[in-house]
Amino acid sequence: MAAMTPKSTGYLHYVREYEMRIAGAESNLAIGVCKLGHSASWISTLGDDELGYFVNNSIRAEGVDTTWVRFDDTYRTGVMFKQILSGKETSVFYYRENSAASHMDADLLAPSMFAGGKILHLTGITPVLSDTCRALTEKAVSMAQEAGLQISFDPNIRRKLWKDTDYTPVLKRLAEHANILMMGLEEAKVLYGTAEKEEIAEAFFKRKEALYLAIKDGSQGAWVAERSGGYEIPPHPCRPVDPIGAGDAFNAGFLCGLLENRSVEEAGQIAAIAGALATESYGDIEGYPTGRNIKRILGQKFGNTNDSGEIYR
């Protein structure tokens, strides 16, 4: 989506000036992955309009491959507005109903999209946009599995999009296909009915395909696990001004750590750093760290950077 960020704090009916940026959980993650020195492709549909070109160009400028983006000449690009009040969490207002993205369908996908890939990352946002988006998501999982990719999933629950429908069963089914599951603690309660991390891990790792689990708890840190056990990840110090996009930065850091064959604990540490730094600037992705940032911080914290598999720029 195009994201309108106010240039001043206060209620939007008093705001006169905005900066146009981009927003979207999947594109945020793709940008975060590229900033950390890896490659990512973003598959979506945008309106064949000026906002669509802006979104596509902005994502591509961060190093993300947008070859597979489709431009729709019937439906428009979605828009969101942020409202920033001093001392309060940022509010978001969506204007995405009947957007080009909500009309995506399974015909968007092709086997060549998955060739050479390692991980397909999905969120619980796409399948709740429409029936055709849900069919697209399910087909993407099937095609990725056939191509040998791991499935990464963040339920990313957005109640505003659910309206009067309970999409919990849909998200549970997707979680059951995930090799890598990353979610907030409140989302874990929805999917697993408990906030006890060990119980969540026990349920997730019952499936032999389950590999890695990350449970995010905001300023309290995170908990990451593999089948052999879990690790508490303390929060990285930061001075937050806008938390939106932090979860996606965490996910990007976690996946990049795993791609580099780091331990699940160190992948969690990288994720925590990325998520914290993301909160220190307005806009979803402007605060995302580069690999050089992460390497420096890890060196300061631990005296080494575990150079095994290091490809950070």
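Laboratory data are not the source of any read-out in this text; all were calculated from the coordinates shown. What you see is a predicted model; the values in this text were computed from it and never measured. Cβ atoms come from the backbone with ideal geometry, glycine included; neighbour counts cover every protein chain shown.
Within the range 42-143, DSSP assigns beta bridges of which about 60% are antiparallel (rounded to the nearest 5). Excluding same-chain neighbours fewer than eight residues apart, the lysines reachable from residue 139 by a Cα-Cα span under 22 Å are 118, 172, 208.
Can you compute the charge dipole magnitude of the chain about its Cα centre, using +1 on each Lys and Arg Cβ and -1 on each Asp and Glu Cβ, nothing else charged? Give it in debye, rounded to the nearest 20. List each step's numbers first, then the result.
On the way: 33 positive and 41 negative charges, 93 e Å.
Using Cβ point charges on Lys, Arg, Asp and Glu, the chain gives about 440 debye.
Size check on the range 1-111: the Cα extents along the three principal axes, sorted descending, read 47, 36, 20 Å.
Please give me, ordered by residue number, the GluC sites (Glu not before Pro) of the range 207-288 that lie in loop per DSSP and have at most 15 other Cβ atoms within 10 Å. List each step's numbers first, then the result.
Numbers: sites: 209, 226, 232, 260, 265, 266, 280, 286; in loops: 209, 260, 280, 286.
Of the GluC sites (Glu not before Pro), the ones in loops of the range 207-288 whose Cβ has at most 15 other Cβ atoms within 10 Å are 209, 280, 286.
Here the chain is described by how far its Cα atoms reach on the three principal axes: 49, 43, 38 Å, from widest to narrowest. Among the listed pairs 189/216; 82/163; 216/301; 7/160, those whose Cα-Cα separation exceeds 23 Å are 7/160.
Looking at the chain, send over the antiparallel percent of its DSSP beta bridges, to the nearest 5.
50 percent
Ranking 147, 241, 125 by how far each Cα lies toward the positive end of the dipole of the chain (charges on Cβ) leaves 241 at the top. Within the chain, which whole H helices from DSSP have a Cα span along their axis of at least 18 Å and a mean Kyte-Doolittle hydropathy of 1.0 or more, if any? Sorted by number, the helices that extend far enough and score high enough are 246-259, 264-278. For a modelled paramagnetic label at residue 112, 7 Å from Cα along Cα-to-Cβ, the residues of the range 64-81 in reach, with backbone nitrogen under 20 Å, are 64-72.
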